[in-house]
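Before any comments, here is the structure.
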Amino acid sequence: MVEITRLFWKKAFTADNFELGEINSADVDMNTWQIKSMFVNLTDESAQLLGFKQPFLGKITVCLPVSAVKNIADHAVLNQTFEQLRNLKQCKE
């Protein structure tokens, strides 16, 4: 078992070793106490390549379902390449 806050601020990399950003939060299903998704602050380069307009202050945050995560140790590794992430459905509440 891992304390949830240990996930925060870990860098997230795609399957093709592209730095996507840093994990800043997670969405927990209160009925099962399982993490459903993670929120990642994109790097400036990731945001630009994904077509987001960079805000003056702050970062672009995207929601990734846990099914997109391969493993987490010193950093998070996704099971999808950067190009595959373009087609990943947005997390919905």
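Values in this text are rule-based calculations from the coordinates and carry no lab data. Values in this document were obtained by computation on a predicted structure and should not be read as measured data. Because the Cβ atoms are built from the backbone with ideal geometry, glycine has one as well, and the counts that use them run over all protein chains shown.
Before moving on, here are some points about what is shown:
- Counted residues, the stretch 15-65 - those being aliphatic (A, V, I, L, M) and surrounded by fewer than 11 Cβ atoms within 10 Å (Cβ to Cβ): 2
- Filtered by the rule that a residue be surrounded by 14 or more Cβ atoms within 10 Å (Cβ to Cβ), in contact (Cβ under 8 Å) with a residue 40 or more places away in the chain and part of a strand (DSSP E or B), the stretch 66-82 gives 72, 76, 77, 78.
- Single condition residue 33 does not satisfy, out of (1) touching a helix residue (DSSP H, G or I) at 6+ places or on another chain (Cβ under 6 Å); (2) free of Cβ contacts under 8 Å to residues at least 24 places away in the same chain; (3) among the aromatic types (Phe, Trp, Tyr): (1)
- Test: residue in the stretch 9-20 that is touching a Cys at 6+ places or on another chain (Cβ under 8 Å) and either free of Cβ contacts under 8 Å to residues at least 60 places away in the same chain or not basic (Lys, Arg) (or both): no
- Subset of the stretch 36-51 (residues that are without any contact (Cβ under 8 Å) to a residue 12 or more places away in the chain and farther than 14 Å from residue 21 by Cα): 51
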